[in-house]
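The values are calculated or read from the model by the stated rules, or taken from the named source; none is laboratory data. Given the structure is predicted, the values throughout are model-derived calculations rather than measurements. As a convention, Cβ positions derive from the backbone with ideal geometry for all residues, glycine included, and neighbour counts pool all protein chains shown. Ligands, DNA and RNA are stripped out before the accessible areas are found, and what is left, the full protein with its side chains, is counted by its heavy atoms. Shrake-Rupley method; radii C 1.70, N 1.55, O 1.52, S 1.80 Å.
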There are 2 protein chains.
Amino acid sequence: MRMIETDPEPFVRGIIDGNRRMIAKTITLIESNLRAHQQTAISVMEKILPRTGNSIRLGVTGVPGVGKSTFIENLGVYLADKGHRVAVLAVDPSSQRSGGSILGDKTRMEKLSAHANAFIRPSPAGETLGGVAAKTREIMLICEAAGFDVILVETVGVGQSETSVAAMVDFFLVLMIAGAGDELQGIKKGVLELADGIAINKADGENLKAVEKTKGGLEAAMHLLRPETPTWFTPVLTCSSLVEGGTKKVWETVLDHHQKFKASKEFLQRRKKQSLNWMWTLVEEGLKQRFKRNEKINQAIPLISRQVEDERMTPAAAAEKLLSYL
Amino acid sequence: MRMIETDPEPFVRGIIDGNRRMIAKTITLIESNLRAHQQTAISVMEKILPRTGNSIRLGVTGVPGVGKSTFIENLGVYLADKGHRVAVLAVDPSSQRSGGSILGDKTRMEKLSAHANAFIRPSPAGETLGGVAAKTREIMLICEAAGFDVILVETVGVGQSETSVAAMVDFFLVLMIAGAGDELQGIKKGVLELADGIAINKADGENLKAVEKTKGGLEAAMHLLRPETPTWFTPVLTCSSLVEGGTKKVWETVLDHHQKFKASKEFLQRRKKQSLNWMWTLVEEGLKQRFKRNEKINQAIPLISRQVEDERMTPAAAAEKLLSYL
């Protein structure tokens, strides 16, 4: 990596001017693990913070095969054509291990990446989901300070990343497809409950009948869950890359949610709560890191874990023992 | 509180002999916050550990009004009559604040509490859910060492306690009633996903039609969730205190699950995983406690939290700052 200046000012000015090269350089700074870079990054974030927050943050999840890239490209182009400035980010903690990354290949969103109003950024590298999500969160703020007013955060719906993404957006959209028969392919327990909206994709042609059935089932299922607020009841939408209007309908739903949450003051409340929760998540992660970096503890963990698994030590005694090494 | 001996042996012998007075005394020891008592408690737990694990651990949750006490009493009496030794424990972190406790009033389970094969224990007092759950977990082990072969752990389905209980049992049963119309009253997001089985209670008389409708809806909803294992698909049962056979059916389902999980080796795997997770939960809680007990941090938290809420500080910078005080 080339040397990066330690003066935060050029980064801050570059971001505010919407200079793409400087935005990219700041993101490199954010993603760097070097202590000096991290210090500069913190200064940059501090300075741009007053200019952040003015976007609609939309999270999109869905298992592979659900048509997520095409959906995001369609939505992104639709919004960019309307004059919105759209940033597309990704949270994919598996990208490093698997070699392939969602959004890693910009050609997957050819039209959108060529659009003057769009900015696409693949998932940051990182060893932990927490690390990846932390960086994505800061990149989101950088994009906001640079004037992007819609941030799409994509995640693949197979791991723990949905919770992280739902915790950083205003609206969490779950993309699905109708399965053969009653069942939805691969939907993970818990993901539905995070959804502010569900969209069944590939609602076209011969698929339509299965989609309608799935829609009915999902609506019934959502009825069984107590909504978190009287302001919003998670809707089940349909869309398709082959049929006009689905993308628009999804966006109108996001806007409807946005307006209702603004009116009820829940919009700001949710963001404040997200920020505080995020702080505590980072504190917890920091504490755990320090804990695991302790050499004595590190050495003791395998043996103590085995004793707990084999019921030769209670979890309480084991925890007490590990903590005593601190 | 009367003085409690620091020698673990009498406790251990008392428990193994199934001496109810000594079991109660050990539980008092477990619930004590005095350091000396806690030391003795750890020794006792260590010594009884090889005798634990030989029970079926059944968690039961449901919001107030669902008929939980009556259901548990019926199930408990049914099992105790069959010769099982049944312990009923409760996890209710609200019991201290609200003054009222589930199981606090033994007369609520008059028949069961009078049964020679049954042991009923109200929720331990505790400031945190973690504390209450920790104690309940140890009480469960004490009951197992004392020869109880069915442990029913009751919790009220309105807080965070379901997750704690689901994390300590072999089978997590969610009790429900049919609502007016389609909706189930008060079911919390996430609780359904923890369920190994769902039972719709009060399935009798005029209620039957609504129950059938709810059952169908729930079955469809459960179909939408990917089961965690191919070994088990969460069934939806019905039961009633007025109709014969429902309690028996629920128990047979628990046994069926037990046998299938034993055969697939998932039974032991789940328990091992639960123990390890529990150790880590306790470690995390210990770390957080130490963190919050730090005076400088304690003083800084309100101001820093406000700065994060007001977007004057990023969560990352705030976490870093708090951790730097350690």
If each part is reduced to its alpha-carbon centroid, region A:288-306 and region B:197-238 end up apart, in Å, by 43
Heavy-atom accessible area of residue B:43, protein chains in place, probe 1.4 angstrom, given in Å² to nearest 10, is 40
In Å³ per residue, the alpha-carbon convex hull of the protein assembly as shown encloses 172
Excluding ligands, DNA and RNA, the carbon-plus-sulfur percentage of the accessible area of chain A with a 1.4 Å probe reads 51
Asked for the total accessible area buried by A and B (1.4 Å probe, Å², nearest 100), one would answer 5900
The summed charge of the residue B:238 Cβ neighbourhood (under 14 Å; Lys/Arg +1, Asp/Glu -1) stands at +1
Cα-Cα pairs in region B:1-51 separated by more than 18 Å, as a whole percent of all pairs, come to 18
Listed residues A:229, A:314, A:155; largest mean-square fluctuation, Gaussian network over chain A with Cα springs below 10 Å, found at A:314
SASA check, residue A:128, accessible area w/ 1.4 Å probe, all protein chains in place, rounded to nearest 10 Å², comes out at 60
The answer for residue A:200, listing residues at least 5 apart or on another chain whose modeled amide H is closer than 5 Å to its amide H, is A:176, A:237, A:238, A:239
Karplus-derived 3J(HN,Hα) from phi for region A:111-126 (6.51 cos²θ - 1.76 cosθ + 1.60, θ = phi - 60°), whole Hz, x at Gly and Pro, runs 5, 5, 5, 8, 6, 4, 8, 10, 9, 10, 9, x, 4, x, 6, x
Computed ³J(HN,Hα) along region B:209-218: with the Karplus parameters 6.51/-1.76/1.60, θ = phi - 60°, integer Hz and x for glycine or proline, the list is 5, 4, 4, 4, 5, 4, 4, x, x, 5
Within the under-10-Å Cβ sphere about residue A:198, not counting residue A:198, Lys/Arg +1 and Asp/Glu -1 give a net charge of -1
Phi angles of region B:11-25, converted by Karplus (6.51 cos²θ - 1.76 cosθ + 1.60, θ = phi - 60°) into ³J(HN,Hα) in whole Hz with x for Gly and Pro, give 5, 4, 4, x, 5, 4, 6, x, 6, 4, 5, 6, 4, 4, 5
In debye to the nearest 20, the charge dipole size for the protein assembly as shown, taken about the Cα centre with +1 at each Lys and Arg Cβ and -1 at each Asp and Glu Cβ, equals 1180
Copies of residue B:5 compared via label points 7 Å along Cα→Cβ give distances in nm, shortest first, of 7.7
Summing -39500 (n - 2.57) over every DSSP H run of at least 4 in chain A, dividing by its residue total and rounding to the nearest 500, the 222 nm mean residue ellipticity is -16500 deg cm²/dmol
Expressed as a whole number, the average count of other chain Cβ atoms within 10 Å around the Cβ atoms of B:287-294 is 3
Given unit charges at Cβ for Lys, Arg (+) and Asp, Glu (-), the dipole magnitude of chain B about its Cα centre in debye, nearest 20, is 640
For region B:188-231 the residues that are at least 50 Å² less accessible with all protein chains than alone, 1.4 Å probe, are B:189, B:193, B:223, B:224, B:226
If labels are modelled 7 Å from Cα along the Cβ direction, residue A:303 lies from its partners in the other copies at nm distances, smallest first, of 4.5
Rg from C-alpha atoms of chain A, normalised by the globular rule of thumb 2.2 N^0.38 Å, equals 1.09
Under 17 Å by backbone N from the virtual spin label 7 Å along Cα-to-Cβ at residue B:306, the residues of region A:268-303 are A:272-273, A:276
For region A:53-263, whose charge dipole is built from +1 on Lys and Arg Cβ atoms and -1 on Asp and Glu Cβ atoms, the candidate among A:207, A:243, A:113 with its Cα farthest towards the positive end is A:113
The farthest towards the positive end of the charge dipole of region A:265-326, of the residues A:267, A:278, A:319, given +1 on Cβ of Lys and Arg and -1 on Cβ of Asp and Glu, is A:267
When the charge dipole of chain A is computed with +1 at the Cβ of Lys and Arg and -1 at the Cβ of Asp and Glu, the Cα pointing farthest to the positive end, of A:163, A:147, A:294, is that of A:294
Of the listed links A:292/B:292; A:68/A:248; B:68/B:215; B:25/B:68, those spanning more than 21 angstrom between alpha carbons are B:25/B:68
To the nearest 20 debye, region A:1-51 has a Cα-centred charge dipole, built from +1 on Lys and Arg Cβ and -1 on Asp and Glu Cβ, of 140
Convex hull around the C-alpha positions of region B:253-326: the volume in Å³ per residue is 146
at residue A:269 the sorted inter-copy label distances (label 7 Å from Cα on Cβ side), in nanometres, are 4.2
